[in-house]
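Here's the structure, in structure tokens; my notes come after.
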Amino acid sequence: MKFQHAPAPHLTPPNSVALVMRQVLMALIPATIAHVWFFGPGLLVNMLIACTVALASEAIMLHLRGRPLRKYLGDYSAVLAAVLLAFAVPPLTPWWVTATGVVFAIVFAKHLFGGLGHNPFNPAMAGYVVLLVSFPAQMTAWLPPAIDQIAHVDFSLWQTIAIILSGELPATIGWDAVTSATPLDRVKTGLGLMQTIGEIRQNPLFGDFGGRGWEWLANWFAVGGFWLLYKGVIRWHIPVSMIASLLLIATVAYMLDPGSHASPLFHLFSGATMIGAFFIATDPVSAATTDKGRLIYGAGIGLLTYAIRAWGGYPDGVAFAVLLMNMAVPLIDRLTVPRVYGHES
Amino acid sequence: MKSNRRIWPIHGGLNLPPHKSDSTAQAIVQAPVPPELVLPLHQHIGEEAKPCVEVGAHVRRGQLLAKVTSYVAAPVHASSSGRVSAIEDRPIPHPSGLRARCIVIETDGLDESVPGTGLGDFTAIDPVLLRAELRRQGLVGLGGAAFPSAVKLNRLPHHQVRTLILNGAECEPHISCDDMVMRERAEDIITGARIMMYMLAAEECLVAIETDKPEAIEAIDTAIARAQDSRLELVPVPTVYPEGGEKQLIQVLTGREVPADHLSADVGVVCHNVATAAQVKRTIIDGDALTSRIVTVTGGGVAKPRNLDVRLGTPISWLIAQCGGYTDKAERLIMGGPMMGFTLDDDSAPIVKASNCILVAAHDEVHAGGDAMPCIRCGECARACPVKLLPQQLYWFSCADDHDELQSHHLFDCIECGCCAYVCPSRIPLVQFYRASKSRIWQQEQERERAERARERFEERERRLSEQKLARKQRLARRRAALHEKGNGNKVQEAVERARKRRAAMRDEEPPE
């Protein structure tokens, strides 16, 4: 009897790229619910727009590059990048702004570098940074959380869709009445106006650690992140070192002068720290790959995030920090080659 | 005695579905002697054995069929009685699928043996003689590598072997032959261990068994207690693949790494498989040549998975028939386990000394392949690698065919355990890439050596030619110089003289007018 020839190992690998991406998407569900709870259905609309544009761009690029469509469209990597970008933009961002970011992420940051697995920069963050520098007004048009103590306007799903598709609010309301600075933004502006942290935190926008609502969002990102750690989809090195380095430098600054530096916990629960630590910095393609390298990479992101928040021009710095550390990855990987069994280090 | 010895962890490794109970439900079955035995001349690491019987000769079990001359080699013995019907190329169990020289025996069903030559009390015999006996009887490691055992039991002057490790880890899924040997032949193993300790002058013997084999642990524990030898110690080790690799097991038991390009004996450890120890006892005490071994026949593609005591040379197809034949699901025929075993395309190949397991995998038990995605650099391969390599970097370098980087990232330390490929979410057949790169580098090195030799030959030829040319030139010059010395004028004058004399002579002869 004749049998087929095949190379070892013969066991079917239990994991797949699509499974990894799906698990990351699933881990974002709690934060998605929290986001909708506090900031309305805008995120869902943005996700839908982003995913549609992402899959379309991916399909076109795959076709142009002569790659199989079904195999790569089914890996969920474009969907994940789109969803992460949807989280990054404000809930009422006009659709063409989101679409621009997604097209840049998929076409330029991903496919022009060689597609899945070959992009040196995190596509979602590259797309977001393009929006940040190109559409500064839209990118800062965040909403206040839907909490009783804070003035906010509730939009229905249909109103939200209309606003996003038209880029205009209903005639009776102005943007100033709808939008609100994020807690990080408020701190930056306040400090610029020579207010102390204590004075700034009088604003009802602030909660126990970060901003009201925002800190809950951060919690739910962390919950999703812990699930990913538990499932072994991500490893602890990057989140731990990023959070630890951010906390460390924030603590030092806070202890030197608590009046002009926000507390370490504020940094932890504000802005993109949590989504960054568990979902952005852990993107395997653009991160360092050795354990030691990941500790360095995460620490670098934490430090740069703080530096940009405290001394840079933008209220948050996670996206820039991730992109900057992406550039350092080849060097980090080269310098952190582990000692092989039986060899001297 | 069960030990409280400290256990060191290995880096990486996997917890794989064991599938061992499929084949351990019943005791070892004695496989009948097949009508035809096919004994390859090369069943071990080292030089091929040379036939020393003629076609048509009648042979008995244990009779020498092919002998060896070099140090690293093992002779081949008849595994039953009968007539040598052919010495020819037959399919052998080898990854290449090539045919190789085999001695074929038509068995006569009598199964006569040559009389055993047991040596009795081994402690009264020089280890050199014991080694010669193991060598003469064709003993090789039965764990799968088939390295001649006598070589590994030779205590070199610069080696201080403190520890003999008996490897009963058997970490690869499906394979259970060592488990069954430990359960049923624990006494033999312990006696064999004591012979080996005596040969190596080892101070202790650690029998390492993974904790998923409680019956084997129990049996070995009892046998050690009965032997009343305090140098023997049973060490249950955690169940993790590939802990049964020699270097990995040494790390687990001693916390030491065998330095690159060194033997385990350099760190005072020698490692043998438990089944090898049992065979050492059979060879030294009972005087048996290595003519049979325990083989696990298992997988969803075989009707009755089990362990059998099989004569070497038994065709796999015949052995499968003894296990109820193939099921409808049989898809892949693997010699060895599902992680490191290689596929056979032809089931007429025989069981050889290295055959620990015949896995007939069903289609739902194996990876069809062809679903590889680009590497997403997740680094799970590096986490899983027991050698602490960076499989992902090796993969990129392999794609780029960058031999320098491959070697500086220690490609040749890869033990091809398959952990990296198993955990890879992109399902890249990583080990395939490493094997291909290894052979390309070997090939290139061979070519470089050949080119070097050719260059030397060419230069030598050029040197000879120029020497000849020079010699010819010098010879010519010498001759010309010699001519000049004598002077050309002399010769002309001589000729003129000769002509004048001749004319004078002619004038004298002329009659006067």
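Listing for the model above:
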item	result
Residues of segment B:208-234 that turn out to be farther than 19 Å from B:Tyr198 by Cα, touching a helix residue (DSSP H, G or I) at 6+ places or on another chain (Cβ under 6 Å) and surrounded by fewer than 21 Cβ atoms within 10 Å (Cβ to Cβ), as a count	1
Residues of segment B:341-357 classified as facing another protein chain (nearest Cβ under 8 Å) and surrounded by fewer than 19 Cβ atoms within 10 Å (Cβ to Cβ), total	3
Segment B:163-180, residues that are under 24 Å from B:Thr254 (Cβ atoms) and within 23 Å of the chain's Cα centre (by Cα)	B:Leu164, B:Ile165, B:Leu166, B:Asn167, B:Gly168, B:Ala169, B:Glu170, B:Cys171, B:Glu172, B:Asp178, B:Asp179
Residue, farthest from the chain's Cα centre (by Cα), within segment A:292-323, restricted to residues that are surrounded by fewer than 17 Cβ atoms within 10 Å (Cβ to Cβ) and farther than 21 Å from A:Ala218 by Cα	A:Lys292
Scope segment A:324-345; condition of a type in the set (Asp, Glu) and exposed (fewer than 14 other Cβ atoms within 10 Å of the Cβ); matching residues	A:Glu344
Enumerated helices (runs of 4 or more DSSP H) restricted to segment A:79-172, each holding at least 2 residues that are among the hydrophobic types (A, V, I, L, M, F, W, C) and under 22 Å from the mean Cα position of the chain (by Cα)	A:95-103, A:123-134, A:136-139
The lone exception for B:Val360 - which of (1) surrounded by 24 or more Cβ atoms within 10 Å (Cβ to Cβ); (2) more than 7 Å from chain A (Cβ to nearest Cβ); (3) within 20 Å of the chain's Cα centre (by Cα); (4) not polar (S, T, N, Q) it fails	(3)
B:Ala132, sole failed condition from (1) of a type outside the set (Phe, Trp, Tyr); (2) free of Cβ contacts under 8 Å to residues at least 60 places away in the same chain; (3) over 30 Å from B:Gly168 (Cβ atoms)	(3)
Of residues in segment A:37-71 being surrounded by fewer than 16 Cβ atoms within 10 Å (Cβ to Cβ) and among the β-branched types (Val, Ile, Thr), the one nearest to A:His152 (Cα to Cα)	A:Thr52
B:Gly82 vs. criteria crowded, with 20+ Cβ neighbours inside 10 Å and in contact with a Cys (Cβ under 9 Å, 6 or more places away or on another chain)	no
Residues that are over 17 Å from A:His35 (Cβ atoms) and crowded, with 24+ Cβ neighbours inside 10 Å, drawn from segment A:76-108	A:Ser77, A:Ala78, A:Ala81, A:Gly101, A:Val102, A:Ala105, A:Ile106
Among the residues listed as A:Tyr254, A:Tyr230, the single one being without any contact (Cβ under 8 Å) to a residue 40 or more places away in the chain, crowded, with 20+ Cβ neighbours inside 10 Å and either more than 18 Å from the chain's Cα centre (by Cα) or over 24 Å from A:Leu191 (Cβ atoms) (or both)	A:Tyr254
Extreme residue, surrounded by the most Cβ atoms within 10 Å (Cβ to Cβ), among residues of segment B:260-304 that are touching a residue at least 60 places away in the same chain (Cβ under 8 Å) and acidic (Asp, Glu)	B:Asp288
Tally, over segment A:304-345, of residues that are among the hydroxyl-bearing types (Ser, Thr, Tyr) and within 22 Å of A:Thr140 (Cα to Cα)	3
Filter pass, A:Thr336 being closer than 30 Å to B:Lys247 by Cβ, in contact with a Lys or Arg (Cβ under 8 Å, 6 or more places away or on another chain) and among the β-branched types (Val, Ile, Thr)	yes
Some residue of segment B:256-263 being under 30 Å from B:Arg194 (Cβ atoms), at pLDDT below 95 and of a type in the set (A, V, I, L, M, F, W, C)	yes
Residue that is farther than 19 Å from B:Ile175 by Cα, within 14 Å of another protein chain (Cβ to nearest Cβ) and part of a helix (DSSP H, G or I), where the choices are B:Ile224, B:Ile250	B:Ile250
Filter result (facing chain A (nearest Cβ under 9 Å), part of a strand (DSSP E or B) and among the hydrophobic types (A, V, I, L, M, F, W, C)) within segment B:304-340	B:Ala330, B:Leu333, B:Ile334
Restricting segment B:227-247 to residues that are in a helix (DSSP H, G or I) and touching a residue at least 60 places away in the same chain (Cβ under 8 Å), the residue that is farthest from the chain's Cα centre (by Cα)	B:Lys247
Filtered residues of segment A:1-45 (kept if β-branched (Val, Ile, Thr), within 14 Å of chain B (Cβ to nearest Cβ) and in a helix (DSSP H, G or I))	A:Val17, A:Val20, A:Val24
Qualifying position, being under 17 Å from the mean Cα position of the chain (by Cα), of a type outside the set (Asp, Glu) and farther than 22 Å from A:Ala310 by Cβ, among A:Ala277, A:Ala222, A:Ala281	A:Ala222
Residue count for segment A:111-135, restricted to those that are within 14 Å of chain B (Cβ to nearest Cβ) and within 25 Å of A:Thr273 (Cβ to Cβ)	5
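Condition check ((1) closer than 20 Å to B:Gly379 by Cβ; (2) more than 12 Å from chain B (Cβ to nearest Cβ)) across all residues:
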position: A:Ala272; (1), (2): no, yes
position: A:Ala287; (1), (2): yes, no
position: A:Lys292; (1), (2): yes, no
position: A:Met327; (1), (2): yes, yes
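Residue-by-condition table, conditions (1) at the interface with chain A (Cβ under 9 Å from one of its Cβ atoms); (2) in contact with a helix residue (DSSP H, G or I) (Cβ under 8 Å, 6 or more places away or on another chain):
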| site | (1), (2) |
| --- | --- |
| B:Arg383 | yes, yes |
| B:Ser398 | no, yes |
| B:Asp404 | no, no |
| B:Gln407 | no, yes |
| B:Glu416 | yes, yes |
| B:Lys438 | no, yes |
| B:Arg448 | no, no |
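The values are calculated or read from the model by the stated rules, or taken from the named source; none is laboratory data. Remember, it's a predicted structure, so these values are computed and weren't measured experimentally. Here Cβ is always computed from backbone atoms with ideal geometry, including for glycine, and neighbour counts include all displayed protein chains.
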